[in-house]
Each structure stands twice: as structure tokens, then as C-alpha cells.
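The values are calculated or read from the model by the stated rules, or taken from the named source; none is laboratory data. Note that this is a predicted model, so its numbers are computed, not measured. Positions of Cβ are generated from backbone atoms using ideal geometry, with glycine treated the same way; all protein chains shown enter the neighbour counts. For accessibility, only protein heavy atoms count, side chains too; no ligands or nucleic acids. Shrake-Rupley method; radii C 1.70, N 1.55, O 1.52, S 1.80 Å.
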Amino acid sequence: MTDSTAPAAALRRADLSEERLKRRYAAEKRFRAYGLAAIFAALAILGILIGTIVWNGHTAFVQTHIAMPVYLDPEIIDPQGSNDATVIQRADYQGLLRTSLRERFPEVTGRRDRIKLYGILSNGAGFDVRDKVLADPSIIGTTQTIWVKSSDDIDSLVKGYIDRDLPENDRRVKDNEIVWIDSFAADGGVDTKFNTTFFTAGDSREPEQAGIWGAVVGSFFTLLITLVLTFPVGVLSAVYLEEFAPKNRWTDLIEVNINNLAAVPSIIFGLLGLAVFLGVFGFPRSAPLVGGMVLALMTLPTIIIASRAALKAVPPSIREAALGVGASRLQVVTHHVLPLAMPGVLTGTIIGMAQALGETAPLLMIGMVAFIVDIPGGVTDPATVLPVQIFLWADAPERAFVEKTNGAIMVLLGFLILMNALAVLLRKRFERQW
């Protein structure tokens, strides 16, 4: 009885084991498929996000210009004929442009219509004429065709963001303004040129005059303060904790607090800076000095953790060999361990700086959300940073600030990608395999 049933039972067990094996393989294939699907979904979402930003922001790098024939009246520009640059600079160039517009469209006589006619040009168009005259004062008294910036609404119309086919009451550019700009376009007097103002000017209430240079300089000063404070303090703290500190409850408490600080929301550091740096010490509000100190507090735990990990990666045999030939503990660290760990330290530092570059919340708490037109000249001058500039433009009602916002995001993403690529290159270039 036992002999006859044993082969059948063994066959059933074999069949059962083979079936389980097939189910395991099928589950593994499904898991791989789910993982690939998640990766492709994430890449697709990222591609859509970046594509949307590029699509909406690439036009920020060009600006509509209008060719204006302007009579450079010497009675207005330099009535005394002194050729003094200060006098020339103060002339009413916007008035000259308005005179040219009235001469081109003499049929426009009503006050409201003339205001609309003047509005096709930027309020800063006179600066384009001024720069032309300052570059060559000999053209005073002649009629020159000068390319000047259009207003933001005309710029949006030319770029296709305003639909001409909509009813007049549903669009910002009215029918008579379209007729005037088409008149210039028929003569070849409308063109889109590279927007140098976007990269060389500070913030402005007028979209066509707004630029990111003030925010870029503010970001540079802020990150400079952050780096000066965090790199030496972070590296020295990591070296002490990893190489010299005794292993007791106090060092364990310090390590736990450092790890906890790395996970604290960034706005908490902004509140700390508001209460201590501004409230107690009275540092200047909206200055890169305070912004850098706040970001240093936020970045310091990240640099300490990355530096400790890099120091741990150095093999113990390096330390033992150095001690064996008579080196002191300090010499072992400064001559052997730290140089070998420096690629990892630099990588962690750059990643920490990239994180600080993209922060907005802590800087809002210390007043770096102010409207700053001038380019900061030092760490104590009022300034803003690139993420805060993006935040301000995103809240602006004008349609032209939408492309400015996306263009600034593209620049910020470019800086972040560059910094992360630099971190990868440094690690690949100096990293050693043990």
C-alpha cells in the first residue's frame, strides 16, 4: 500500500513545486514591469513639466522692438551745445518718441487715443534712445531710426499670446493698437531681438524692463556667505566627531541632533533667523548677509553628514599605516585621511549649496521678498535671490510676467543642473576605489 502511493505523492509534490516556481517567476516579472512602468511614468511627468516650462519660457529670451524714426532735437537734448554727458543723459527722450508717434499718426487726436498710441512703446524706450545718443553725440540734430522696446502687451501680441480674433473687449490690445503696430510691421519696423535686458537688469514693475541680474547677484552673495560659514565649520565638525571625539552619551546626543536638524523644515530656520539675527542682533533686513547665515544653519547638517560619510569611507589601513610610521593623530587626519575624503566632502558641499540655491521659504521670513530694483553691491545691501524673484513674478498680474517666470525657472534649473554635474565630475575625477 505504501509502495503504490509513494510515487503518486512524490509526483504531486513535484507538480506543486513546479507550479510555485512558475508563480514566483511570474511575480518577479510583474514586479519588474511595475518598476519599469513607475520609472517611465516619472520620466514622462518630468518631461511634461520641463517641456511646459521651456514652452512657456523660451520667449522670455527675446523682446519685441519697434523701429522708430526719431528727430534728435538739440533744443531738447543739449540746448546749450555743451556736449556735457550729464545734460545729454537727463534729456526727455520719451518725449521725442511721443513726438515721432504723433507725426506718424496725425489722425490720432483724442487724449485717450494718444495715451493708447504712446502705450505701444515701453516706458523705458527712451533709455534706448539715450544710450544711442551717449554712444555717439554727433547724431544730435539728425533723424535716426532707432530700435526701441515695445510695451509688454504689444510684445505678447507679436509673440502670439494675445488672440487677435477675440472680441475687442476680451483682449488687452484694442483694434486701433493692432492697426498701429501692423503699420510698423508693414514697413519692416517690428522685430524680435535677443532680450539682453533679461540678463542685465534688476526687477521692474514693467515686464519688458525686468531682469534677473539683481537676483543672480543676490544669490551669489548669499551663497558666498553660506559657503564661507558652512564649509570650514562643517568639515571641522565632521573631522572631530569622526576622528577625535570620544564615544559617549554626549557625542551620541550631538549626532542624533545633527541627524534631526537635517530633517527640520527649512521655514523653521527662517523663523530662527527672524527671531535671532533680526530681532536680537539687529542685522539688516533683506540682506545677503542674513540670508547666507540662515541658509548656513540649514545646510550645515547636510555637509557634516556627507563629510562624516566620506571620512568613514577611507580604509582603516590608511590610518594604521600612518600611525605605524610615527605620525600623530592630527597628522594622520590632515595628511592622509582628509585629502582622500575630500572628493566626497566637496560633493556633499556642492549638493548642499545647490539645495540652498533653490530655497525660498526661509528667505521669505527674513524679508528677502522685498521689491529690489538696484543691483546689490555687497552682502549688506538690500537684495533678493533667484527663487524669491520667481515667486514675486509668479504672483504678478501681467501676462508678460508668465514667460519671465518660466524663463527664470529655466535659468535656475540650469544652475542646479550645473552644480550637480560638477559634484558628479569631482567625484568621478578624484574618487579612489579601495
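Annotation: of all residues in the range 159-182 being free of Cβ contacts under 8 Å to residues at least 40 places away in the same chain, assigned to a helix (DSSP H, G or I) and of a type in the set (D, E, K, R), the one that is surrounded by the fewest Cβ atoms within 10 Å (Cβ to Cβ) is Asp170. Kindly indicate whether Gly326 is farther than 19 Å from Ala238 by Cβ, without any contact (Cβ under 8 Å) to a residue 24 or more places away in the chain and out of contact with any helix residue (DSSP H, G or I) (no Cβ under 9 Å at 6 or more places or on another chain). Considered against the rule, which asks whether it is farther than 19 Å from Ala238 by Cβ, without any contact (Cβ under 8 Å) to a residue 24 or more places away in the chain and out of contact with any helix residue (DSSP H, G or I) (no Cβ under 9 Å at 6 or more places or on another chain), Gly326 comes out as yes.
As a summary of the residue check, Val294 satisfies the conditions (1) under 19 Å from the mean Cα position of the chain (by Cα); (2) surrounded by fewer than 21 Cβ atoms within 10 Å (Cβ to Cβ) except for the one numbered (2). Residues that are within 28 Å of Gly292 (Cα to Cα), open to solvent by 10 Å² or more (accessible area, probe 1.4 Å) and not small (Gly, Ala, Ser) within the range 183-202 comprise Thr197, Phe199, Thr200, listed in sequence order. Checked against the criteria, Arg102 counts as open to solvent by 30 Å² or more (accessible area, probe 1.4 Å), more than 24 Å from Ala210 (Cβ to Cβ) and more than 35 Å from the chain's Cα centre (by Cα). Please find, within the range 121-144, the residue that is nearest to Pro74 (Cα to Cα) out of those that are among the β-branched types (Val, Ile, Thr) and either touching a strand residue (DSSP E or B) at 6+ places or on another chain (Cβ under 6 Å) or open to solvent by 30 Å² or more (accessible area, probe 1.4 Å) (or both). Restricting to residues being among the β-branched types (Val, Ile, Thr) and either touching a strand residue (DSSP E or B) at 6+ places or on another chain (Cβ under 6 Å) or open to solvent by 30 Å² or more (accessible area, probe 1.4 Å) (or both), the top hit is Ile140. Of the numbered criteria (1) closer than 27 Å to Asp153 by Cα; (2) without any contact (Cβ under 8 Å) to a residue 12 or more places away in the chain, the one Asp92 fails is (2). The condition (being part of a helix (DSSP H, G or I), surrounded by 15 or more Cβ atoms within 10 Å (Cβ to Cβ) and under 42 Å from the mean Cα position of the chain (by Cα)) is satisfied by just one residue among Ile39, Ile53: Ile53.
Only one of these conditions is not met by Ala306: (1) hydrophobic (A, V, I, L, M, F, W, C); (2) more than 30 Å from Ile372 (Cα to Cα); (3) open to solvent by 60 Å² or more (accessible area, probe 1.4 Å). Which number is it? Going through (1) hydrophobic (A, V, I, L, M, F, W, C); (2) more than 30 Å from Ile372 (Cα to Cα); (3) open to solvent by 60 Å² or more (accessible area, probe 1.4 Å) one by one, Ala306 breaks only (3).
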